[in-house]
Amino acid sequence: MPLKSERRELEQCTKDQIIGMSTTGRSGREIAKKLGLVPSTVNMVISRYKLSGTTENLTRPGRPKILTKRDNRHLVNDVKKNRRATLQDITNNAPSNVSKGTIRSTLHELGMNSRIVAKKPFINLENQAKRLAFAREHEKMTVDDWKHVLWTDESSFETGKNTRQVRVWRSPSERFHSSCLAPSFKSGRQTVMVWGCFMWGKRGPLVIMPKGSIDGAKYIEVMEEALLDFWMEQSEERGFVVLQEDNAPIHTCKQAKRWRELRDIVSLTWPPNSPDLNPIEHAWYLIKCVVQKMNPRPMTLPSLKEAIKKAWEEYDMDIMDRLVGSMPDRIAAVIKAHGGSTKY
């Protein structure tokens, strides 16, 4: 039994020849003989031209989709009800008997993809309301207004810690070579706590915080050492400066409040659980990335302290300005989220 040959599409010039010869009155059989084609093929081309006015191949409908539009709506609704469901669970609950591959591809077509969850602080309803109230109160502030805010915050750095995915070039035999390892520590890592501040166009001092727990009295010492002169300098230059601090206990304790009152330092009332509204939080992340990319990486406490100071002093001020300039967008994002988490 002869094997069935694969169907071959005619070239466009051949189809045009067929139509041209057909218009002169030649039959399909004559044209097929002249061009060395099968008569049924010639007749099909002529019929298609008479019906559609073209020799182009019509779009083939293909295999019909198993899931209907209604099935797709149910599928999306079920996924939104349980966003952590496995693909197998979703398939088991699907309205039709389909495979996991079909469910996966359908969800992708509908814009639903499995992604690593974003880590954000938990915000209860009460704090959402406070965040929303803050955003609405400051909704009309422009970038020029935010230029008068002095952004402050503490952050911790650890020796050997690397939040980035690390890749190295090596041969198969060099897997455990010292230069190809990301060293881990059997004992606890050493931590450095720092305090820093900045404004639009001006980087403030960076302070290595005292070792151990920080109370209100120690925090005031840092403010006397680092904040006061910078605040006075910027107040004279800009006319006024508003201090931003989050709601950490060392910032809200009576000692810290009294210290600010005695010096007529005006503070920005800050909503709880709002690192996304503080540009310096993003700046700390960028500084940490710089430290982690240093070669050699700081693996001791003294080298880590020096690395942090160097990264802070040399970091691009234009990027810090852009972080401050994003404040109107951050405020708008909180309003859009009704006080909930944002992308910042």
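Evaluating 6.51 cos²θ - 1.76 cosθ + 1.60 at θ = phi - 60° for every residue in region 286-298, the Karplus couplings come out as 5, 5, 4, 4, 4, 4, 5, 8, 5, 10, x, 6, x Hz, glycine and proline recorded as x. Across region 125-336, the relative contact order, built from alpha-carbon pairs under 8 Å that are at least six residues apart, equals 32 percent. Taking GluC sites (Glu not before Pro) as exposed when DSSP calls them loop and at most 16 other C-beta atoms lie within 10 angstrom, the chain has its longest site-free stretch at 140-344. When Lys81, Lys100 are arranged by Cβ crowding within 10 Å, least crowded first, meaning fewest neighbours, the order is Lys81, Lys100. Note that region 203-307 shows a convex hull volume over its alpha carbon atoms of 131 Å³ per residue.
Shape analysis of region 69-109 yields a ratio of the Cα radius of gyration to the Kirkwood radius, Rg/Rh, of 0.89. Mean residue ellipticity at 222 nm, helices only, the chain: -13500 deg cm²/dmol; runs of at least 4 DSSP H residues each add -39,500 (n - 2.57), and the sum is divided by the number of residues.
Only Lys, Arg, Asp and Glu carry charge here, each on its Cβ (+1 for the first two, -1 for the last two); on that basis region 69-109 has a dipole of about 160 debye about its Cα centre.
When the listed pairs Lys65/Lys119; Lys130/Lys211; Lys120/Lys140; Lys130/Lys288 are checked against a 32 Å cut-off, the alpha-carbon distance exceeds it for Lys65/Lys119; Lys130/Lys211.
Residue exposure proxy: Cys13, Cys289, Cys197, ordered by other Cβ atoms within 10 angstrom of their Cβ from fewest to most, comes out as Cys13, Cys289, Cys197. One decimal place: the segment Glu233-Arg104 gains 40.5 nm when fully extended, by the rule 0.36 nm per residue minus the C-alpha distance. For region 12-52, the convex hull spanned by the alpha carbon atoms encloses 58 Å³ per residue. Sequence-ordered 3J(HN,Hα) estimates for region 266-274 from the Karplus curve with 6.51, -1.76 and 1.60 and θ = phi - 60° stand at 8, 9, 7, 5, 10, x, x, 6, 10 Hz, glycine and proline given as x.
Farthest towards the positive end of the charge dipole of the chain, among the residues Asn278, Gly36, Ser267, is the Cα of Gly36, using unit charges on the Cβ of Lys, Arg, Asp and Glu. I want to verify a result. In a Gaussian network model of the chain, Cα cutoff 10 Å, which of these has the top mean-square fluctuation: Val45, Val266, Val241? Result for the chain, Cα springs under 10 Å: Val45 fluctuates most.
When +1 charges are put on Lys and Arg Cβ atoms and -1 charges on Asp and Glu Cβ atoms, the dipole computed for the chain relative to its Cα centre reaches about 2780 debye.
Across the options Gly239, Gly53, Ile319, the greatest Cα extent toward the positive end of the charge dipole of the chain (unit charges at beta carbon of Lys, Arg, Asp, Glu) belongs to Gly53. Of the residues Thr300, Thr14, Thr269, the one that moves most in a GNM of the chain with alpha-carbon contacts below 10 Å is Thr14. Computed from Cα positions, the angle between helix 327-336 and the longest principal axis of the chain comes to roughly 60 degrees. Rounded to the nearest 10 degrees, the angle from helix 125-137 to the longest Cα principal axis of the chain is 90 degrees. Principal-axis analysis of the Cα atoms of the chain puts helix 12-23 at an angle of about 40° to the longest axis. Here the Karplus relation 6.51 cos²θ - 1.76 cosθ + 1.60, evaluated at θ = phi - 60°, turns the backbone of region 143-148 into coupling constants of 4, 4, 5, 5, 5, 8 Hz, with x for every Gly and Pro.
Bear in mind that the values in this text are calculations on the coordinates, not laboratory data. What you see is a predicted model, and the numbers here were worked out from it, not measured in a lab. Because the Cβ atoms are built from the backbone with ideal geometry, glycine has one as well, and the counts that use them run over all protein chains shown.
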